[in-house]
2 protein chains.
Amino acid sequence: MSDNGELVVGVIGGLGPEATLDFFGKVLVHSKAKKDQDHIHLIIENNPKTPNRNDAIAGKGISPGPALAGMAAALDRAGADFIVMACNTAHAFENAIRAATPKPFISLIDEVVDEVRGSYPDTKRVGLLAAQGCLDAGIYHTAFAKQGVEVLNPGEKSQARFMELLYRIKSGERGADIRRAMQELGEELIAAGAEILIAGCTEVPLVLTSGENTKPLVDSTDVLAQRCVKYARRIKPLPV
Amino acid sequence: MSDNGELVVGVIGGLGPEATLDFFGKVLVHSKAKKDQDHIHLIIENNPKTPNRNDAIAGKGISPGPALAGMAAALDRAGADFIVMACNTAHAFENAIRAATPKPFISLIDEVVDEVRGSYPDTKRVGLLAAQGCLDAGIYHTAFAKQGVEVLNPGEKSQARFMELLYRIKSGERGADIRRAMQELGEELIAAGAEILIAGCTEVPLVLTSGENTKPLVDSTDVLAQRCVKYARRIKPLPV
């Protein structure tokens, strides 16, 4: 805890690192600080060596659970008061994180669902731009179902296209063709009935921002960044 | 240590946070990764609550030593194999950091001096754009003197202008007027005889990059980022 009573945020990151950088930048923007000391204290565990989450969920690779638990434990030892993770898909392994530390783990998924409920209360159908593992594990489907909100996925061919774009983004590409392709995947979901889009993968906002589609986009990275600032400053109590 | 034998980098940051973000981004660029797992493992302790370094060196504020030592110890506990700090001025307190952990601390100052010696071996005079505390503590002057290189500072009025710009950058300003003013301070040092400029404050590269002045600029943040990638991958042995 900081001397002024603010909480120290522990960030599980590196999934991938560019998304963690984006998250860090968004925390700084939302902090609206006028000097160094106005900013919140973050500890970022950026372990990009964590095994591929999509492969593990598909049963084709080793589990990232131990690496994620290792980051949570390291953040705990380093002094984090609560822990978040700047990756949606890895929330399929949140039990491993919760088991690794007694510190509260704030679910990005729950925060996004809460944001949709608060800012778009009449929404019945959201369109989900997320990695295959996130869809396969049903992470958002389960959370939104509790709110009576239906989750629309891209069709099989479009989802395969999404995964291709995802790995190109992770390799450092940010070209106009990737941006346009991601925007088109969003538009397909809108044509299928989505009232809002969920950037349910932290690589998505690296190439697509709200205002580029004909319906609003909820950026999971930005939601988590905003919430972290509020939780750290105790403007909002930590969810139990 | 990562499973492939790469070293885990511990980063003392938040001095300020925008400079730490810049450092993180530069590490990612220099990593030239094609997938998440190609990136290096970083743990970033971003504690912006650390007391003002310039005030402490001027005898007008409490020492940041304990906060810096606290970050070093936290990084050690979290599993860092070696430690760096994305701030020049705070190197005035490097003894407090070294005393807090047995892990190697890699001096940004030494890396910058080594970079100048390697890339600009005939340099006799460098122009230093750095915070007042960094000048008062003589950090670069001592290190460059060992190489027979003279360090030129801005005049008193220009240095006061530098500090004004520094705190405006820390407050989030990045306007064209700040960029131009920083470039002009660099040009004054060149007019006084500087053969190269040292961005010896990690806020400087947020508004001034190499190529904007009539002589080259050595960006301390970029030097440290490049060196960290090499040390982590063991392309270069850690200095003892």
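For (1) surrounded by fewer than 13 Cβ atoms within 10 Å (Cβ to Cβ); (2) at pLDDT below 95; (3) assigned to a loop (DSSP other than H, G, I, E, B); (4) assigned by TED's automatic domain parsing to the domain that holds A:Gly211, each residue gets a yes or a no:
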position: A:Asp122; (1), (2), (3), (4): yes, no, yes, yes
position: A:Ala143; (1), (2), (3), (4): no, no, no, yes
position: A:Glu164; (1), (2), (3), (4): yes, no, no, yes
position: A:Ile178; (1), (2), (3), (4): no, no, no, yes
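Can you spot a residue in region A:74-85 that is aromatic (Phe, Trp, Tyr) and farther than 27 Å from B:Glu173 by Cβ? For region A:74-85, residues aromatic (Phe, Trp, Tyr) and farther than 27 Å from B:Glu173 by Cβ: present. Quick test of your reading of the structure: B:Ser171 fulfils all but one of (1) out of contact with any Asp or Glu (no Cβ under 7 Å at 6 or more places or on another chain); (2) among the polar types (S, T, N, Q); (3) open to solvent by 30 Å² or more (accessible area, probe 1.4 Å). Name the failing condition by number. Tallying (1) out of contact with any Asp or Glu (no Cβ under 7 Å at 6 or more places or on another chain); (2) among the polar types (S, T, N, Q); (3) open to solvent by 30 Å² or more (accessible area, probe 1.4 Å), B:Ser171 fails exactly one: (3).
Against the list (1) in contact with a Ser or Thr (Cβ under 8 Å, 6 or more places away or on another chain); (2) free of Cβ contacts under 8 Å to residues at least 12 places away in the same chain, the condition A:Ile44 fails is (2).
Contact map, region B:102-115: first residue free of Cβ contacts under 8 Å to residues at least 60 places away in the same chain, second residue basic (Lys, Arg) and surrounded by 19 or more Cβ atoms within 10 Å (Cβ to Cβ), Cβ cut-off under 9 Å, separation 6 or more or different chains; pairs are B:Asp114/B:Arg227.
Kindly evaluate B:Leu185 against the criterion of being modelled with pLDDT of 95 or more, in contact with a strand residue (DSSP E or B) (Cβ under 9 Å, 6 or more places away or on another chain), farther than 30 Å from B:Met1 by Cβ and not assigned by TED's automatic domain parsing to the domain that holds B:Lys26.
Working: modelled with pLDDT of 95 or more: yes; in contact with a strand residue (DSSP E or B) (Cβ under 9 Å, 6 or more places away or on another chain): yes; farther than 30 Å from B:Met1 by Cβ: yes; not assigned by TED's automatic domain parsing to the domain that holds B:Lys26: yes.
Against the criterion (modelled with pLDDT of 95 or more, in contact with a strand residue (DSSP E or B) (Cβ under 9 Å, 6 or more places away or on another chain), farther than 30 Å from B:Met1 by Cβ and not assigned by TED's automatic domain parsing to the domain that holds B:Lys26), B:Leu185 qualifies.
Report yes if some residue within region A:89-101 is part of a loop (DSSP other than H, G, I, E, B) and free of Cβ contacts under 8 Å to residues at least 40 places away in the same chain; otherwise report no. Steps first, answer last, please.
First, pick out the residues of region A:89-101 that are part of a loop (DSSP other than H, G, I, E, B): A:101.
Those left that are additionally free of Cβ contacts under 8 Å to residues at least 40 places away in the same chain: A:101.
Yes - at least one qualifying residue is present in region A:89-101.
Pairing each residue of region A:170-191 that is away from chain B (no Cβ under 14 Å) and under 28 Å from A:Thr50 (Cα atoms) with any residue that is open to solvent by 30 Å² or more (accessible area, probe 1.4 Å) and aliphatic (A, V, I, L, M), provided the two are 6+ apart or on different chains, yields no C-beta distance under 7 Å. Is it fair to say A:Ala69 is more than 10 Å from every other protein chain (Cβ to nearest Cβ) and surrounded by fewer than 21 Cβ atoms within 10 Å (Cβ to Cβ)? For A:Ala69, the condition - more than 10 Å from every other protein chain (Cβ to nearest Cβ) and surrounded by fewer than 21 Cβ atoms within 10 Å (Cβ to Cβ) - is met.
To keep it simple, each residue is scored yes or no on (1) of a type in the set (Lys, Arg); (2) in contact with a strand residue (DSSP E or B) (Cβ under 7 Å, 6 or more places away or on another chain); (3) at the interface with chain A (Cβ under 9 Å from one of its Cβ atoms); (4) open to solvent by 40 Å² or more (accessible area, probe 1.4 Å).
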residue	(1), (2), (3), (4)
B:Gly10	no, yes, no, no
B:Thr20	no, yes, yes, no
B:Leu28	no, no, yes, no
B:Lys34	yes, no, yes, yes
B:Gln37	no, no, yes, yes
B:Ala56	no, no, no, no
B:Arg77	yes, no, yes, yes
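Filtering region A:193-221 to residues that are part of a strand (DSSP E or B) and charged (D, E, K, R) leaves only A:Asp219. Against the list (1) of a type in the set (Ser, Thr, Tyr); (2) crowded, with 23+ Cβ neighbours inside 10 Å; (3) in contact with a His (Cβ under 6 Å, 6 or more places away or on another chain), the condition B:Thr50 fails is (3). Put simply, of A:Ile235, A:Ile190 the only residue that is hydrophobic (A, V, I, L, M, F, W, C), at pLDDT 95 or above, open to solvent by 20 Å² or more (accessible area, probe 1.4 Å) and outside any loop (DSSP other than H, G, I, E, B) is A:Ile190.
For region B:15-31, give me each residue that is without any contact (Cβ under 8 Å) to a residue 24 or more places away in the chain and either assigned by TED's automatic domain parsing to the domain that holds B:Thr202 or more than 13 Å from the chain's Cα centre (by Cα) (or both). B:Gly25, B:Leu28 - these are the residues of region B:15-31 that are without any contact (Cβ under 8 Å) to a residue 24 or more places away in the chain and either assigned by TED's automatic domain parsing to the domain that holds B:Thr202 or more than 13 Å from the chain's Cα centre (by Cα) (or both).
The values are calculated or read from the model by the stated rules, or taken from the named source; none is laboratory data. Everything numeric here is computed off the predicted structure, so don't read it as measured data. Backbone-built Cβ (ideal geometry, glycine too); neighbour counts: all protein chains shown. These area figures cover heavy atoms from the full protein model, side chains too; ligands, DNA and RNA do not enter into them. Shrake-Rupley method; radii C 1.70, N 1.55, O 1.52, S 1.80 Å.
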